[in-house]
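Just dropping this structure here.
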Amino acid sequence: MRLDLAEFPVSRIVLGNKFQYQSGTLEVDAETLARDLLKDPRIREAKVAVAYPGEKVRITGIRDVVEPRVKTQGSGQVFPGVLGPVAPVGEGTTHRLSGMAVVATAEFEGAVRAGTGVQRSAVLDMWGAGAEISRYGSLVNLVLILRLAGGLPDLEAHLAVQKAELHAARRLAEVTLGKEPQKVETYDLARKNRDLPTVVLIQGCLTESHQFHSGVAYYGLSIRDSLATFAHPNELLDGAVTVNTTRGIGYFPNTWDWQNHALAMELYRRHGKELNFAGVALERVRFETYHGKEVTAHNAAHLAKTLGADGAVVTWLGSGNAFVDVMLTLRACEQRGIKTVLVTYEYGGKDGVDSPLLYYVPEAQAVVSTGSRDRWVELPAPEKVIGPYEEIRVLNYPGAPLTPASGPLTFDARDMVIGGVDNWGRQSWTCRAY
Amino acid sequence: MAIISAMYPIAEQVGASRIVKAVSIPHPCGDPSLPSEVDARLRREIVETALKAIHAEVKQPTLFYPNISATV
């Protein structure tokens, strides 16, 4: 399975009256795009705005972030099973608009009012401390501002937002059809060097089997009480993994992150040079019994062994007890002679002196921290607010007070910023010991 | 004191003295998927195990297992 990813960098977005791309400038026919989105009766209002890095802009009501892509050769189309039929992807040629993202924002009050499924403040600042902690703060963002029809069930709201953002993302990428890319990168697992060790990426996925969308979907199908399954990294590049688009929680990756999976991309960069990348094991975590956690751990390790792994990069998404499954996975791999490294964010409390991890096993000897999720962040007042909400809930319990989005904000955890938790080590954090 | 926990290895790791193995995270003291009379026996067994645990002399984190098979 060989995929050529053709890159068309975007440094400027102009809202004009046609769709076109020329030397880094993307022109978007905002009126036509909004009209297209309004064909869905579940969407009653659609607007488009642009936010640049460095602007004193705060975006509110964010539900997902996605990179514009379109397939020009090979079977299937981007976002299979969501935008189009379930057809195999990962082969041929895919065009991408790099350096930019479509940020889907929507006004919608979900039926889930508490717990991990509840929607969050979901803001992104394009300047200052907020931009610095989020991987999306350095992108040129095309913001879709949606208002949904009243009384929509959560699943319908999710489907409406997701269809809108993915349609927009594909439509934008279509401006590159027939154009010469700035760069083409080839992704092919088959080109191996037999003298190098084989490495598998084990991606722990907290999924909530009881929710209308579990949080991680493969070809549009929510992963629920599944055991580990194999995914080709090229499938990620073509948008085969998608997310719940109603919550906006900073410690869950967005669609953009699956398309640009930092660890999968880095393993690919070293493929055939330092190691042989053997693919991705999607491992469902957050089983509700210890027995379940042990079984999923052994099953994921078994899959890695079957793929010929000498080593495994283990990472996860989510929070809470799902981390036990992740630690048991490290142990199960080491017991099979697979060397492991864990990539995870840590807790540690606001001063960094609390326990950084919920649970550990002695086999977890190599751990890479992607930073603390618990540090406070002070966000100064913006000059402009983009998005469906002028007021936001900083805390998400039922009846929590509203705070003006146009004022300064204090967050006691980074997961309140979209992209605020660096799940897979995309950002260049450094660490200092005192 | 005793703790009834489905995540008993975590309780062990933080040094809880008496730990009773629970059924699952959302339902530590029972299993609503069982017929109600079986669930009632299970719930009773877990609570009785916890009461026994409280009386036991322990020197380190100690696990107590409810006899779950006896209730089915």
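State which residue is nearest to the chain's Cα centre (by Cα) when the search covers only the range A:312-338 and only residues that are away from chain B (no Cβ under 14 Å) and surrounded by fewer than 20 Cβ atoms within 10 Å (Cβ to Cβ).
A:Glu334
Any residue at all in the range A:209-223 that's of a type in the set (S, T, N, Q), more than 25 Å from A:Leu155 (Cα to Cα) and open to solvent by 20 Å² or more (accessible area, probe 1.4 Å)?
Taking every residue of the range A:209-223 in turn, none turns out to be of a type in the set (S, T, N, Q), more than 25 Å from A:Leu155 (Cα to Cα) and open to solvent by 20 Å² or more (accessible area, probe 1.4 Å).
Could you please find all residues in the range B:1-23 being among the polar types (S, T, N, Q) and either more than 13 Å from chain A (Cβ to nearest Cβ) or surrounded by fewer than 18 Cβ atoms within 10 Å (Cβ to Cβ) (or both)?
Filtering the range B:1-23 for residues among the polar types (S, T, N, Q) gives B:5, B:13, B:17.
Selection gives B:Gln13, B:Ser17.
Being open to solvent by 40 Å² or more (accessible area, probe 1.4 Å) and among the aliphatic types (A, V, I, L, M): is that true of A:Leu307 here?
yes
I'd like to verify a number: residues in the range A:248-292 that are assigned to a loop (DSSP other than H, G, I, E, B) and either closer than 21 Å to A:Gly420 by Cβ or charged (D, E, K, R) (or both), how many?
Of the range A:248-292, the ones assigned to a loop (DSSP other than H, G, I, E, B) are A:248-254, A:260-261, A:270, A:272-274, A:286-289.
When the remaining residues are screened for being either closer than 21 Å to A:Gly420 by Cβ or charged (D, E, K, R) (or both), the result is A:248-254, A:260-261, A:270, A:273-274, A:286, A:288.
Looking only at that region, the number is 14.
If you don't mind, there's one more thing I want to ask. Please state which of the following conditions A:Pro382 fails to meet, knowing it meets all the rest: (1) surrounded by 14 or more Cβ atoms within 10 Å (Cβ to Cβ); (2) at pLDDT below 95.
Result: A:Pro382 fails condition (2) only.
Suppose we keep only residues that are touching a helix residue (DSSP H, G or I) at 6+ places or on another chain (Cβ under 6 Å) and in a loop (DSSP other than H, G, I, E, B) within the range A:339-359. Which one would you say is farthest from the other protein chains (Cβ to nearest Cβ)?
The extreme case among them is A:Leu358.
Still on this structure, please answer the following. Mind checking which residues of the range A:397-433 are assigned to a loop (DSSP other than H, G, I, E, B) and either surrounded by 18 or more Cβ atoms within 10 Å (Cβ to Cβ) or in contact with a Leu (Cβ under 7 Å, 6 or more places away or on another chain) (or both)?
Across the range A:397-433, the qualifying residues are A:Ala405, A:Pro408, A:Ala413, A:Ile418, A:Gly419, A:Gly420, A:Val421, A:Asp422, A:Asn423, A:Trp424, A:Gly425, A:Arg426.
Restricted to the range A:172-190, and to residues that are open to solvent by less than 30 Å² (accessible area, probe 1.4 Å) and either in contact with an Asp or Glu (Cβ under 9 Å, 6 or more places away or on another chain) or not in a helix (DSSP H, G or I) (or both), which residue is nearest to A:Glu67 (Cα to Cα)? Steps first, please.
Filtering the range A:172-190 down to residues open to solvent by less than 30 Å² (accessible area, probe 1.4 Å) leaves A:172-173, A:175-176, A:187-189.
Narrowing further to those that are either in contact with an Asp or Glu (Cβ under 9 Å, 6 or more places away or on another chain) or not in a helix (DSSP H, G or I) (or both): A:173, A:175, A:187-189.
Details: A:Ala173: 9, A:Val175: 14, A:Tyr187: 18, A:Asp188: 21, A:Leu189: 23 Å.
For the range A:172-190, the residue satisfying everything is A:Ala173.
Tally the residues that are in a loop (DSSP other than H, G, I, E, B) and either at pLDDT 95 or above or open to solvent by 90 Å² or more (accessible area, probe 1.4 Å) (or both), restricting the search to the range A:360-379.
So the count comes out to 9.
Which numbered condition in (1) open to solvent by 40 Å² or more (accessible area, probe 1.4 Å); (2) within 14 Å of chain B (Cβ to nearest Cβ) is the only one that A:Gly292 fails?
Going through (1) open to solvent by 40 Å² or more (accessible area, probe 1.4 Å); (2) within 14 Å of chain B (Cβ to nearest Cβ) one by one, A:Gly292 breaks only (1).
Another question, then. May I ask you to list the residues in the range A:140-156 that are farther than 16 Å from A:Leu38 by Cβ and open to solvent by less than 30 Å² (accessible area, probe 1.4 Å)?
Within the range A:140-156, A:Val140, A:Asn141, A:Leu142, A:Val143, A:Asp154 meet the criteria.
Does A:Leu26 qualify as being part of a strand (DSSP E or B), in contact with a Phe, Trp or Tyr (Cβ under 6 Å, 6 or more places away or on another chain) and in contact (Cβ under 8 Å) with a residue 60 or more places away in the chain?
no
Going by the structure shown, is A:Leu33 open to solvent by less than 10 Å² (accessible area, probe 1.4 Å), more than 22 Å from the chain's Cα centre (by Cα) and over 30 Å from A:Thr403 (Cβ atoms)?
When the stated conditions are applied, A:Leu33 passes them.
Answer yes or no as to whether A:Pro53 is over 30 Å from A:Asp188 (Cα atoms) and not acidic (Asp, Glu).
When the stated conditions are applied, A:Pro53 passes them.
Next up: Could you please find all residues in the range B:35-57 being touching a Lys or Arg at 6+ places or on another chain (Cβ under 9 Å) and either open to solvent by 20 Å² or more (accessible area, probe 1.4 Å) or within 12 Å of another protein chain (Cβ to nearest Cβ) (or both)?
Selection gives B:Ile54, B:Ala56.
Please work out which residue is farthest from the chain's Cα centre (by Cα), limiting yourself to the range A:259-289 and to residues that are within 14 Å of chain B (Cβ to nearest Cβ) and open to solvent by 20 Å² or more (accessible area, probe 1.4 Å). Please lay out each step first, then the result.
Quick first cut of the range A:259-289, residues within 14 Å of chain B (Cβ to nearest Cβ) only: A:285-289.
Filter once more, so that each one left must be open to solvent by 20 Å² or more (accessible area, probe 1.4 Å): A:286-289.
Details: A:Arg286: 19, A:Phe287: 22, A:Glu288: 24, A:Thr289: 27 Å.
Here the residue is A:Thr289.
Give the residues of the range A:382-434 that are of a type in the set (Lys, Arg) and without any contact (Cβ under 8 Å) to a residue 40 or more places away in the chain, sorted by residue number.
Result: A:Arg432, single match.
Could you check, for the range A:349-357, whether at least one of its residues is over 18 Å from A:Tyr251 (Cα atoms), of a type outside the set (Asp, Glu) and modelled with pLDDT of 95 or more?
no
Going residue by residue through the range A:406-414, is there one that turns out to be within 28 Å of A:Asn260 (Cβ to Cβ) and within 14 Å of chain B (Cβ to nearest Cβ)?
So far as the range A:406-414 goes, no, none of its residues is within 28 Å of A:Asn260 (Cβ to Cβ) and within 14 Å of chain B (Cβ to nearest Cβ).
Provide a single number: the residues in the range A:224-237 that are crowded, with 21+ Cβ neighbours inside 10 Å, in a loop (DSSP other than H, G, I, E, B) and not aliphatic (A, V, I, L, M).
0
Would you tally the residues in the range A:78-97 being surrounded by 19 or more Cβ atoms within 10 Å (Cβ to Cβ) and of a type outside the set (D, E, K, R)?
Selection size over the range A:78-97: 9.
Right, another one. Among A:Asn299, A:Asn321, which is the only one that is more than 30 Å from A:Arg191 (Cβ to Cβ) and touching a residue at least 12 places away in the same chain (Cβ under 8 Å)?
Among A:Asn299, A:Asn321, only A:Asn321 is more than 30 Å from A:Arg191 (Cβ to Cβ) and touching a residue at least 12 places away in the same chain (Cβ under 8 Å).
What number of residues within the range A:29-57 are touching a Phe, Trp or Tyr at 6+ places or on another chain (Cβ under 9 Å) and in contact (Cβ under 8 Å) with a residue 24 or more places away in the chain?
Looking only at that region, the number is 6.
The values are calculated or read from the model by the stated rules, or taken from the named source; none is laboratory data. Quantities reported herein were computed from a predicted structural model and do not represent experimental measurements. Quick reminder, even Gly has a Cβ in these numbers, built from the backbone with ideal geometry, and neighbours come from all protein chains shown. Just the protein is used for accessible areas: all its heavy atoms, side chains included, with ligands, DNA and RNA removed. Shrake-Rupley method; radii C 1.70, N 1.55, O 1.52, S 1.80 Å.
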